[in-house]
Amino acid sequence: MAKVLLPSGEVREAQGLSFLELLGPGAGLAAAALVDGKIYDLRETVPPTGEARILTINDPAALEVLRHTAAHVLAHAVTRLFPGTKLAIGPAIADGFYYDFHFEKPISHEDLPRIEEEMRRIVAEDLPLERVWIPRDEAARLLRERGEIYKLELLEEIPGEKISFYRQGEFLDLCRGPHLPSTGLVQHFKLLDLAGAYWRGDPNRDMLTRIYGTAFATAEELEKFLRWREEARRRDHRTLGPQLDLFSIQNEMVGAGLVLWHPKGARVRRVIEDFWVAEHYKAGYQLVYTPHIGRSRLWQTSGHLDFYRESMYAPIVIEDQEFFLKPMNCPFHIAIYKTKTRSYRELPLRYCELGTVYRFERSGVLHGLLRVRGFTQDDAHIICRPDQVEEEIRAVLRFALYILRSFGFTEFTAYLSTRPEKFIGNPEDWDRATEALRKAVQGEGLSYEVKHGEGAFYGPKIDLEVQDSLKRPWQLTTIQFDFNLPERFDMAYVGPDGRPHRPYMIHRALLGSLERFFGILIEHYGGAFPVWLAPVQAVVLPVSEKEIPYAEEVAAKLSAEGIRAEAWTKEGKTLRWLVREAQLQKIPYILICGERERREGKVALRLRTGEDLGPQPLSAVIARIKEAASTRLATL
């Protein structure tokens, strides 16, 4: 007989009862049941054997059920307010839930408060959510009568002769559950946004309206999330980028997904690139440059035209030969390797490149700097002997952590993806490569998860995820083995025995792409870059026209010391306006030059945080800025 742990701590045995019947009148905040790691509806029958636990609405494990039920409450409210609306799908997601609809007439953000109010009425009605099993033929007839074309399409993919629906009041929805026992438990929710979404993610299908929301067990959790979301909105790189004059994306004039780096953004990019190149030379890499296009023969050999064609742009015909914009840099690096016979003594070879690539992304998935059509990868390929693999992987991972920590990231999670069912190469090579990845992660003391069977067909990999200042995860570094391209390009080195041997090849990107990484950096720092990255590290402001020559002299001295400085002497604005503008531009140091400062060879120092440090010797200010830049810390 099964044993069920109740929220009170009491253990009850049950047979033939539902979890709700077992709980009786005291169900209270009971939300779902956890049985062998799987969540069940409380109206399900208690299994005959084993152990189960009742989850309350406050249990983190019940959050997905709460949000799934909130999605049904949303759909119920929409069908009440907008009769004739067609339902698509409504899942729980990481930060809440959404539901996709086809409205007879378009709705807007202004409709969300009205929908939310109707949701609150449905919650107040405390309607039971009951699972209903309907024979397949009857389910199809019911959906056809209601004109639910999207649900009918989903029905075709559901196995079995009886189909699961959920009913709450007059609302009935095709759904496998699980759900809360009643709508009354969905107390703390908020509708967040409205967007377009293609049915099944296919741009050739209907455009639907997606309504996003979130729900939590307590008002405090909801309020905390909304504050976090507002802070994330404030840090959105798509807003801060133009505000700080860092970049723009001009869809009409230039093209969607194509980034224009403005002078300030380009300055930050150059600092990143210079640091990246210098550190790669120190780490034994060789910098290479490769073309933006290559003949179709190259991409045929690499397999891109067979397996990656949908992400490539149409060919360019030059003198009757087809060329393609490169989607990746690796075939070019292999071409460099193959320019001469290689000896085992030359290996490992580490080629690195800040190479711009072009990939076709549909307009619906483009997202500021985070998803673009042309971007620069911080790419590298390591070509080595089998006996060098473990040492190389360990060095790459150490190098990745050093680079990411230099940009202010401190929390990391690694994911190890292992051999899938269909793979190329021999199992021994896979095992050696996988073990090298595992040892590297363990050697660096990183927490990691194994994604069994989720490696690419051509090799296992490590993905390194960082957390930003808002605790959001971002996948940046990838270390990927490749047993495919060495075979396709017949790569070889001459071993000690004088015979040709196949090298190992490792793809490696640390930042991912400069565009995406820059977007992440903007949001991580909220645009207030640490001194070493700030496009303008110091601005010099004269109190009046009489101090303009001194302000320009101060700015020249700063520049001579390698400090990125500007003298704002031509704006014709008040000092108060200039100080405020410098703070809005998030310039780390504001140096004010008045008559007293000019006379004493000083500057009045203010920080972008608003802190006023008063008159300081110019030499001390220069030393302070240079030290802050050299340490690469976020503090001023």
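The values are calculated or read from the model by the stated rules, or taken from the named source; none is laboratory data. This one's a predicted model, so the numbers in the text were calculated from it and none came from an experiment. Cβ atoms come from the backbone with ideal geometry, glycine included; neighbour counts cover every protein chain shown. The area values use the complete protein model at the heavy-atom level, side chains included, leaving out ligands, DNA and RNA. Shrake-Rupley method; radii C 1.70, N 1.55, O 1.52, S 1.80 Å.
P(r) tail, the stretch 457-612: Cα-Cα pairs separated by more than 21 Å, 62% of all pairs. Here the dipole of the stretch 503-612 is about 140 debye; that uses its Cα centre as origin and unit charges on the Cβ of Lys and Arg (positive) and Asp and Glu (negative). Solvent-accessible surface (1.4 Å probe) assigned to residue 478 amounts to roughly 40 Å².
Mean sequence separation of contacting Cα pairs (under 8 Å, at least six apart), scaled by the length of the chain, corresponds to a relative contact order of 9 percent. Of the GluC sites (Glu not before Pro) found in the stretch 399-493, those that fall in a DSSP loop while having at most 16 other beta-carbon atoms within 10 Å are 411, 421, 444, 454.
For the chain, which whole-number percentage of the solvent-accessible area (1.4 Å probe, protein heavy atoms only) is attributable to carbon and sulfur atoms?
Solvent-exposed carbon and sulfur of the chain make up 49 percent of the total.
If you take the square roots of the eigenvalues of the alpha-carbon gyration tensor of the stretch 132-200 and sort them as a ≥ b ≥ c, do you get rounded (a/c under 1.5), prolate (a/b over b/c) or oblate?
Cα axes put the stretch 132-200 in the oblate bin.
In plain terms, the bigger the Kirkwood radius, the slower the diffusion; for the chain, with that radius from Cα pairs, at 20 °C and 1.002 mPa s, Stokes-Einstein puts D at 74 µm²/s.
In a DSSP loop and with at most 16 other Cβ atoms within 10 Å, the GluC sites (Glu not before Pro) in the stretch 567-608 are 571.
Size descriptors for the stretch 371-467 (Cα atoms only): Rg and Dmax, in that order, 14.2, 40 Å. In this Cβ point-charge picture (+1 for Lys and Arg, -1 for Asp and Glu), the chain has a dipole of about 1600 debye about its Cα centre.
Computed over protein heavy atoms with a 1.4 Å probe, the accessible surface of the chain works out to 48 Å² per residue.
Taking the Cα atoms only, what angle lies between the long axis of helix 575-584 and the longest principal axis of the chain, rounded to 10 degrees? That works out to roughly 60 degrees.
Let me know the shape class of the stretch 170-215, please: from the alpha-carbon gyration tensor, a ≥ b ≥ c as square roots of the eigenvalues, rounded when a/c is under 1.5, otherwise prolate if a/b is greater than b/c, or oblate. It comes out oblate by the Cα gyration axes.
Reported value for the stretch 25-110: 147 Å³ per residue, from the convex hull of its C-alpha atoms. Note on residue 21: accessible area approximately 120 square angstrom, rounded to 10, probe 1.4 Å, nucleic acids and ligands left out. Sites listed here are trypsin sites (Lys or Arg not before Pro) in the stretch 507-573 whose DSSP assignment is loop and whose Cβ has at most 11 other Cβ atoms within 10 Å: 570. Our analysis of the stretch 186-266 gives Rg over Rh at 1.11, with the two radii drawn from alpha carbon positions and Rh computed by the Kirkwood formula. Ranked by solvent-accessible area (1.4 Å probe, protein heavy atoms only, all chains present), the residues 448, 493, 281 order from largest to smallest as 281, 448, 493.
Entry for the stretch 1-145 at q = 0.09, 0.10, 0.15 Å⁻¹: log10 I(q)/I(0) = -0.37, -0.45, -0.90, Debye formula applied to identical alpha-carbon scatterers, no solvent contribution. The Cα atoms of the stretch 110-168 cover 38, 26, 18 Å along the three principal axes, with the biggest extent listed first.
Using only C-alpha positions, report the orientation-averaged shadow area of the convex hull of the stretch 86-141, nm², one decimal.
Across all orientations, the stretch 86-141 yields a mean hull projection of 6.1 nm².
Translational diffusion of the stretch 1-63, estimated by Stokes-Einstein from the Kirkwood radius over alpha carbon pairs at 25 °C in a medium of 0.890 mPa s, is 218 µm² per second.
Put a dot 7 Å past the Cα of residue 245, heading toward its Cβ, do the same for residue 266, and the two dots end up 1.4 nm apart.
In terms of distances greater than 18 angstrom between alpha carbons, the cross-link table entries 573/602; 224/471; 86/151 yield 573/602. Of the residues 261, 577, 568, ranked by 1.4 Å probe accessible area with the largest first, the sequence reads 577, 261, 568. The long axis of helix 263-282 is offset from the longest Cα principal axis of the chain by roughly 80 degrees. At the residue level, residue 544 shows approximately 40 square angstrom of accessible surface with a 1.4 angstrom probe and all protein chains present. The charge dipole of the stretch 186-344, taken about its Cα centre with unit charges on the Cβ atoms of Lys, Arg (+1), Asp and Glu (-1) only, comes to about 500 debye. Let me make sure I get this right: for the stretch 256-303, a, b and c are the square roots of the gyration tensor eigenvalues over alpha carbons, sorted descending. Under 1.5 in a/c it's rounded, otherwise prolate if a/b > b/c, else oblate. Which is it? Oblate is the answer for the stretch 256-303, as a/c is 1.5 or above yet b/c matches or exceeds a/b.
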